[in-house]
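Here's the structure, in structure tokens; my notes come after.
The values are calculated or read from the model by the stated rules, or taken from the named source; none is laboratory data. No experiment lies behind these values; they were computed from the predicted model shown. For neighbour counting, all protein chains shown are included, and Cβ atoms are generated from backbone atoms with ideal geometry for every residue, glycine included. These accessible areas exclude ligands, DNA and RNA; they are computed on the full protein's heavy atoms, side chains included. Shrake-Rupley method; radii C 1.70, N 1.55, O 1.52, S 1.80 Å.
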Amino acid sequence: MKLDDELCYCFHVSKRKIVNYLKVHRPRRPSQLSECGGAGTGCGWCVPYLKRCFDQAQEGKVVENDGISVEDYVAGRAQHLEERKRPPAGG
Ligand code: FES
């Protein structure tokens, strides 16, 4: 994923917005990234990715192109949404 790719599809927040937010606001917890356009507060799919960006910023090394393909990311989210729709087993 590159800077102009969307990171939170629920709220259309790009990776660039998150990276800038991390630089400018220096949040102390990953959950504070929700203040950046609501990122991570929808389906939850992007939360691990937000945490990763947070950790990278803490270490002072934001990876602009991390090698994760947008196609895989989008497909993973679609599957995540499908799984959320299913009723719990045995219920
Ligand atoms: S993709 Fe970010 S909360 Fe759904």
When you look at GLY60, is it touching a strand residue (DSSP E or B) at 6+ places or on another chain (Cβ under 8 Å) and either more than 13 Å from the ligand (Cβ to nearest atom) or of a type in the set (Gly, Ala, Ser) (or both), yes or no? no
State whether the residues of segment 43-50 include one that is more than 12 Å from the chain's Cα centre (by Cα) and loosely packed, with under 13 Cβ neighbours inside 10 Å. no
Candidates GLU71, GLU64, GLU59, GLU82 - the one that is exposed (fewer than 15 other Cβ atoms within 10 Å of the Cβ), in contact with a helix residue (DSSP H, G or I) (Cβ under 9 Å, 6 or more places away or on another chain) and charged (D, E, K, R): GLU64
Qualifying positions in segment 26-85 - part of a helix (DSSP H, G or I) and touching a residue at least 60 places away in the same chain (Cβ under 8 Å): VAL70, TYR73, VAL74, ARG77
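Just name the residue that is farthest from the ligand (Cβ to nearest atom) out of those in segment 1-16 that are open to solvent by 30 Å² or more (accessible area, probe 1.4 Å) and out of contact with any strand residue (DSSP E or B) (no Cβ under 8 Å at 6 or more places or on another chain). First the steps, then the outcome.
Step one: of segment 1-16, the residues open to solvent by 30 Å² or more (accessible area, probe 1.4 Å) are 2, 4-6, 9-12, 16.
The next check asks that each one be out of contact with any strand residue (DSSP E or B) (no Cβ under 8 Å at 6 or more places or on another chain); those that pass are 2, 9-11, 16.
Working: LYS2: 17, TYR9: 4, CYS10: 3, PHE11: 6, ARG16: 15 Å.
It comes out as LYS2.
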